[in-house]
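Below you'll find the structure, written out as structure tokens, and then a few comments.
The values are calculated or read from the model by the stated rules, or taken from the named source; none is laboratory data. All of these numbers come straight from a predicted model, not from anything done at the bench. Glycine also receives a Cβ, built like all others from the backbone with ideal geometry; neighbour counts cover every protein chain displayed.
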Amino acid sequence: MRTILLVAADEWRFWRRSRLAMLALGLLLVLVAASATLTALRVANEAEARALLQSEAEETYRSQPDRHPHRMVHYGHYVFRTPPPLAMIDPGVDPVTGQSIFLEGHRQNAAMFADAKTGATAGQLADMSPAVVLSLFAPLLLIAMGYSVMTRERENGTLGPLLAQGVSPLTLIAGKGLALASVAGLTLLPLVLTAAVAISKGETLAATAVFLGSFSLYLLVWCALIIAVSSLSARRASSLTILVVVWILLVLIVPRIAANVAASVAPAQGKIEADFAVLNELRSMGDGHNAADPAFEQLKANLLLQYDVASVEDLPVNFRGIVAETAEADLTAVLNRFAEERMATEVRQVSLLRSFGWISPALALREASMTSAGTGVEAHHKFLRDAEAVRFDFVQGLNRVHAEQLAYADDIKRSSDPEAERRTRVSSENWKVLEDFHFVPPPSDTRVEGALAPLARLGAWFALLFGLVLFSARGLKL
Amino acid sequence: MTVVSSLFRELSFLLRQRAIAGLLVLALLLSSLSISTGLTEIAHQRAAIERMVLADKADRENAMAKAEDWGGAAYSSFHLTYLPPSDLAFAALGQRDLSPWKHRVNLLALEGQIHAADTANPELALAGRIDFAFIVSVLAPLLVILLLHDLRAGERAAGRHDLLIATAGRSGGLWPMRASALVATLAVCLLLPFWVGAALAGTQLAKVLAVSLLVCVHLLFWAAVSYWAGARAAAGSVILTGLVGFWLLLTAILPAITRVSIERAISIPAGGDIVLTQREVVNDAWDLPKNVTMEAFVARHPEWENEAQIDRPFEWKWYYAFQQVGDQSAETLSTSYRQGILERDRAASLAAFVSPPVLIDRTLQGLAGTDTRAALAYETTVRDFHARLRTWLYPKLFLEEPFDRAALSDLPAYQPLVVDE
């Protein structure tokens, strides 16, 4: 053990004397720290701004004057997706998805206002969250500092004497590995600090541990890869070239190829195109604004029978309200079926994309970190479902008011008779029942569970490379 | 002729090195992949547009067949608008993953409709696409660096450096010759698939030439940097580390810094405020005296001043008037929103001069009509179209023309922006 520490300390001594190594280390640390600070500030601001917009939206809804309840169905309501605490490190899909949805009767609107649309376009690598810096560029630093850990000893002719002194190849490799892992640990430091802030903002320990654990495991995969290549290469130059090419392939190329493959193997229709099919299906159903629509004949007959009256005018409830309520429920069933289909297609695409995590540890890390942080596509889908639940609740609540608090006789005359119109305005007390909305990502347990698959991929990578390191150690006999 | 023949001599010598041949094959493969997936993606988009145009027409005709008055017809008929991909879009997919390139609008207030984002799967958009612009702007520099960094250091390490200098006659001729041979071959490997793709897509020759020139200039820049660095008497690995660091600086760090500073310096109104403002005005109209709405409307449309009297609790002309007034109320916010995006883009185009990879990426998107400007130009066509629809509808409502279903066929049709001039 002492020897391992000595070897590691010796490696650090070498790095401290190398201006290039120190420059690279310093640069990356500044990069991680700057990106962590900026992203944390931005996300915290966003969270605050959206929470404010949310409470404003609720406030204005509740303070609407007396009105016909169906007017409130169309007045609608807004929900905003507030980012979870770990979004300070990995904002995930937040910038590329709309952050608010307008909720109204008879429609499921798409999310609006994606940040990415308003951003300054500056090339294809300009988006730097701490998660991106760590997954894309930390491996480059490890390569720059570690490509020569073994080849240097070999080329300088110091490997023989070391082994001759009784240092076993495994001890040597363990020491070098420890030194490299300590560099990795250093780059993780800003993340740990930010994660502590996330915990103070209500993130669970389990999710944070898995989140940080996936980054650690990812960097360990790179450490193992670097040591293996460095031990197996004859020369420093070839070890570095191989590592740079591997980095290009695993980090820059494979994730993008995966996205291309996923998009073309499981093509998804856009919402507009998918909506044509929805419209087609809805056309065969009754229009909830028109109680005379033949589609509601059966409903009418049932109601008349149920209350034992001869005409809709005699019903104790407002037939128009009942029609609105029934039509909304039927329509929502159709909308939800199509929405679930769309989400299922997206999940299919994403799981195809993620299966490339077996080939690229960078993809596996992205999945693990977004899933555990609650900023992946699942969390966005939860937002869509939560928003739909809010929509359905408030619309049906209003339709209930429409059915129970309004006289049918007034309701049918409101477009022509100002007095009847006045009587159809119900008390604004009815708007106060709107519930507060605050988006929370999927529960911690679900996120942790979801991160297990990508963690297993990273684990498989590590096990494979660890085996390769052990194998390369056998070749170090001199 | 001696130059060409010595170029070929150096090339055939270099290609015998497995690493170099491997990198060139990789360049050819990745470029071909980017072109073929780019072509597929654009074909998907064109096919989707074709299907949507048909479905849109059928749906509108269906809605109109049921309409019983002008107002109802305008309410229930939606119109597809879209930005068709250009003949170069396959090479630079650009903002088409992020900015909407299709909307379906009706005659209600436009601000409530135009900000909807019908974009692709967010996690795929986040992973990015491997388009030709990515290959050229991000990857090509790394390939140049890998090919050129140890031209000399490699020979030095192999102990052949001095011998080569001595036998080559003029020492100045050998290394530039080798470097040129490598860069020229790399350029061909990258551009060949692009030329094939351009031929398949029927891209204008001028654009093909412009892209080819850009690619060559970009490669030359990185070749010059690598050549200069490679001339130092340092180990190949040290040179490579430095060059990759320089690449990182130009491709990722500087762009990230400019992006953050631009976004902090030029603020944009919160999108949520635009739609909230618009909604308040549209909905408040129901509770306001009708003449308040009509006065605000007439201020913009004095030609309807004499017809702006509303007598019944509900009239279509009042309904569409408050939709228009809703848009008017959000106009300032909405304009400064678009203005802000444009200003950020302008600042980014200036800042791009510090980073050749960003400059190339942005220029390719510009040529391909897939940049922010094109997205905004498309949005303008939607706004103009919506305005034409309103101009068509207002006389029908205000002059109380009797409803004539046949006249609905005169509705203005959306003309997509022609990106290939």
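Tabulated values for the structure
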read-out: Tally, over segment A:107-128, of residues that are outside any helix (DSSP H, G or I), within 7 Å of another protein chain (Cβ to nearest Cβ) and among the polar types (S, T, N, Q); value: 3
read-out: Criterion: closer than 24 Å to A:GLU281 by Cα, among the hydroxyl-bearing types (Ser, Thr, Tyr) and outside any loop (DSSP other than H, G, I, E, B) - qualifying residue of B:THR119, B:THR40, B:THR81; value: B:THR81
read-out: Close pairs (8 angstrom Cβ cut-off, 6 or more residues apart or separate chains): under 15 Å from B:TYR414 (Cα atoms) in segment B:36-58, in a helix (DSSP H, G or I) and of a type in the set (A, V, I, L, M, F, W, C) anywhere; value: B:MET52/A:ILE272; B:MET52/A:PHE276; B:ALA55/A:PHE276; B:ASP56/A:PHE276
read-out: From the options B:TYR319, B:TYR378, residue that is more than 16 Å from the chain's Cα centre (by Cα), on the phi < 0 side of the Ramachandran plot and surrounded by 18 or more Cβ atoms within 10 Å (Cβ to Cβ); value: B:TYR319
read-out: Answer from A:PHE137, A:PHE215, A:PHE211 - the residue that is under 31 Å from the mean Cα position of the chain (by Cα), within 14 Å of chain B (Cβ to nearest Cβ), crowded, with 20+ Cβ neighbours inside 10 Å and modelled with pLDDT of 90 or more; value: A:PHE137
read-out: Checking B:LEU240 against (1) more than 10 Å from chain A (Cβ to nearest Cβ); (2) assigned to a helix (DSSP H, G or I); (3) more than 21 Å from A:TYR75 (Cβ to Cβ), the condition it does not meet; value: (1)
read-out: Matching residues in segment A:34-57 - criterion: being over 16 Å from A:MET128 (Cα atoms) and buried (at least 18 other Cβ atoms within 10 Å of the Cβ); value: A:GLU46, A:ALA47, A:ARG50, A:LEU53, A:GLN54, A:ALA57
read-out: Helices (runs of 4 or more DSSP H) enclosed by segment A:1-75 - at least 1 residues per element that are over 37 Å from the mean Cα position of the chain (by Cα) and over 30 Å from A:ALA181 (Cα atoms); value: none
read-out: Leading residue by the ranking (farthest from A:ALA24 (Cα to Cα)) among those in segment A:143-155 that are within 12 Å of chain B (Cβ to nearest Cβ) and either of a type outside the set (Gly, Ala, Ser) or surrounded by fewer than 19 Cβ atoms within 10 Å (Cβ to Cβ) (or both); value: A:GLU155
read-out: Filtered residue count, segment A:289-306, keeping only those that are within 14 Å of chain B (Cβ to nearest Cβ) and in a loop (DSSP other than H, G, I, E, B); value: 4
read-out: Meets criteria (at negative phi and at pLDDT 85 or above) for A:ARG348; value: yes
read-out: Any chance A:SER148 is assigned to a loop (DSSP other than H, G, I, E, B), of a type in the set (S, T, N, Q) and either within 33 Å of the chain's Cα centre (by Cα) or farther than 30 Å from A:GLY270 by Cα (or both); value: yes
read-out: Leading residue by the ranking (farthest from A:MET112 (Cα to Cα)) among those in segment B:224-237 that are facing another protein chain (nearest Cβ under 9 Å) and either among the aromatic types (Phe, Trp, Tyr) or surrounded by 20 or more Cβ atoms within 10 Å (Cβ to Cβ) (or both); value: B:GLY236
read-out: Search result, residues across segment B:368-393 that are more than 14 Å from chain A (Cβ to nearest Cβ) and either in contact with a Lys or Arg (Cβ under 8 Å, 6 or more places away or on another chain) or of a type in the set (D, E, K, R) (or both); value: B:ARG383, B:ASP384, B:ARG388, B:ARG390
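Listed here are the residues, each with its yes/no results for (1) in contact with a Leu (Cβ under 9 Å, 6 or more places away or on another chain); (2) assigned to a helix (DSSP H, G or I); (3) surrounded by 23 or more Cβ atoms within 10 Å (Cβ to Cβ).
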| residue | (1), (2), (3) |
| --- | --- |
| B:HIS103 | yes, no, yes |
| B:ILE114 | no, no, no |
| B:LEU124 | yes, yes, yes |
| B:ILE130 | yes, no, yes |
| B:SER137 | yes, yes, yes |
| B:ALA140 | yes, yes, yes |
| B:LEU143 | yes, yes, yes |
| B:LEU147 | yes, yes, yes |
